[in-house]
1. I'm trying to understand the selection: among the residues of region A:147-177, which are outside any helix (DSSP H, G or I) and touching a strand residue (DSSP E or B) at 6+ places or on another chain (Cβ under 7 Å)?
2. Right, residue B:221: farther than 25 Å from residue B:48 by Cα and either outside the structural domain of residue B:130 (by TED's automatic domain parsing) or at pLDDT 95 or above (or both) or not?
3. Just to verify a result, which residue in region B:94-143, among those that are in contact with a strand residue (DSSP E or B) (Cβ under 7 Å, 6 or more places away or on another chain) and part of a helix (DSSP H, G or I), is surrounded by the most Cβ atoms within 10 Å (Cβ to Cβ)?
4. The conditions are (1) without any contact (Cβ under 8 Å) to a residue 60 or more places away in the chain; (2) touching a helix residue (DSSP H, G or I) at 6+ places or on another chain (Cβ under 8 Å), and residue B:316 fails exactly one of them. Which is it?
5. In the set A:84, A:63, which member is at the interface with another protein chain (Cβ under 8 Å from one of its Cβ atoms), in contact (Cβ under 8 Å) with a residue 60 or more places away in the chain and not in a strand (DSSP E or B)?
6. Look at residue A:112 and say whether it is at the interface with another protein chain (Cβ under 7 Å from one of its Cβ atoms) and either outside any loop (DSSP other than H, G, I, E, B) or out of contact with any helix residue (DSSP H, G or I) (no Cβ under 7 Å at 6 or more places or on another chain) (or both).
7. Kindly indicate whether residue B:343 is surrounded by fewer than 21 Cβ atoms within 10 Å (Cβ to Cβ) and assigned to a loop (DSSP other than H, G, I, E, B).
8. Go through region A:192-216 and report how many residues are more than 13 Å from residue A:39 (Cα to Cα) and in a helix (DSSP H, G or I).
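The values are calculated or read from the model by the stated rules, or taken from the named source; none is laboratory data. The shown structure was predicted, so the numbers you read here are calculated from the model rather than taken from an experiment. Cβ: placed from backbone, ideal geometry, glycine included. Neighbour counts: every protein chain shown.
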C-alpha cells in the first residue's frame, strides 16, 4: 500500500509549513522552542510575507534557529539581536524584521539593546522565549529564574538576597512609549498554542502598520535544564512560573 | 552635490565625504575626539539629501551591531568612534569579519590605555592591524595623514569593503580628526536602489524570494572541519590584499642615508623633520605606509638595502616598529621614537632622536 493511499489528499487537515526546513531540530524532546518556531513561521507563511521577512537568531539554545526557519536570517552576537534588527529595519523600513531570543540573551546580556530598541519604538517584532534558565550552556541561573528555583549556579534555589530578583522584562518594556503591543503567552497546550499564534500574528500586523515595537513573551519549559520529564516540566511551569509570569496581554494598542 | 573646495575639520570632512560616496547608513555613539562626525551628519540631514540613515545608538556595542545587521542587507554602512569605543566594538567587528560583511569603521585614536585621554595618539596600531577582536582575521586598514585623505579614503574604504566582503578600518587620530585644512570634496555618488542591491549582492538578507534558497548571515559553524576551511578562505583574502592593495608614499627617499617610517600625523611631523635634518646636512627620507594592513613590507625591505638606519616614528610606545623590523629582518638598525599618552612629538625631537638613536654610533 502506498503512502498516498493511506493519507488521502482530501483528508489532509494539517501540513507542515514549508517555512520550517526539514533539518532535525536541535532542541530536546519536550521543549517549547519547536512549537514557537513553527507558529512564527506559520504566520509568515499565512501573511504571505516570506519575501519581505528577515529574522535574527540569538545566542542560546535557538542560536541555530536559521537552520530551521526557512527565511532570510542573521545570527546575532549574544544579546545584540535588537540592535541588529534596528540596523536592518532602519535601512529597509518596509520589510518585516523579527528577533527570536531567549531569556539570557534578551534579559541579561542584551538588556540595554532590548530596552533601547523598544524605547525608540523600532518597528520590529521581538519574540522572547522565557524558560527561566540557560539551556544551551547546561542549566545555569537566568535573569528570569524565579526565587527558590534550582539551577546549576543556584543549586540551593535562587536566593534573592544573594543573587538578585527575577526580572520581569515584559512588564518593563510595556512601560516604554515605544512599544505598542506587549503580551505574554505560552505553548504548553493546544489552546495556548492557538493564543500564542494569534498574538504573533497581531505583532506582525502591527509591525506592518509601523505602530512601534511589538513584544511577545512565550513562557516555556526546559525539561532538560530543570531535570524533569516534559510532562513534569509543563506542570511545574503552570504551578510555579505562571503565578510570577501571568499570561495575557500587558499592553495593547488603543 | 557638485565638486567643492571647503575648509573643514577631518571629522567633518569624512562625514560629508561619506554622504557624497553614497553611503546608506551611519550608526554611532558620541566620544571625543570624533563626536563632530555624528554632529555633522545630524545637522546635515542626509536623510533629506540622499536618503541616508543616521542613528545615534545607545552604546558602541549597539552601534556596531546595527552596522552588522545593515551590512548583511548589502547596504553601504559605517560607524566611527575613538579608542575606548573601538574596544567596545571589537566583538561586533569580529562577527562582521567572520560573517564576511562589508562595512567601514573609523577610529579617531586617542591616548590610552583605559579611558586614557582625549588627546591624539597612535597607540591602537596593534588592535587595528593584528585583528583586534577574537579569532584569526584582519581588517584592511587605511591611515589618512590629512583632512583631504579623511575625505578621499571613505569612498575607497567602501570599495575595498565590498571587493573583499569584509570590514575596513580608517585609522585616524585626534590630530587629523580635529585639525582644519582645505579639502576638495567629490561630487555626489548616487546610492544604490533596493533593486540594485538585490541584484548586485545575492548574499544579502533582504527577504527570501521563491527563486532562491534562504540567505543566512552567520559566523558560526559547529563543525570544526568546516570552520577550518572558512578560516583558510579568510586567510586567502588577506593574502590577496597583500598582493593587490598595498599603498604607501615615499618622500625624499631617492638619495636618503636614513629613513623615517611613519603614518598619519607622525608622517606629517616627519616631513618637517626631513627639512630640519637637511639643514644639519643629514639626508633622510620618509616612507609613509598608507595601508597599515596590508603593510608595505616589500617597499621597506627595499629601502633597508639603501639606507644606514631606520627610525620608526609613532605616537605610541613602539607598535608599528615590529612590522618594520620584520620587513628589515636585521639588515640595518631599526629604532623607535615616540611620545605617548596624547603627547605629540615636535619635528626637532624627531631629528634629535634620529641623531641619538641611529646616527650617533
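1. A:147, A:148, A:149, A:151, A:152, A:153, A:154, A:158, A:166, listed by residue number.
2. Working: farther than 25 Å from residue B:48 by Cα: yes; either outside the structural domain of residue B:130 (by TED's automatic domain parsing) or at pLDDT 95 or above (or both): yes.
Yes; evaluated as a whole, the condition is true for this residue.
3. So the residue we want is B:96.
4. (1)
5. A:63
6. So residue A:112 passes the test.
7. Answer is yes for this residue.
8. 4
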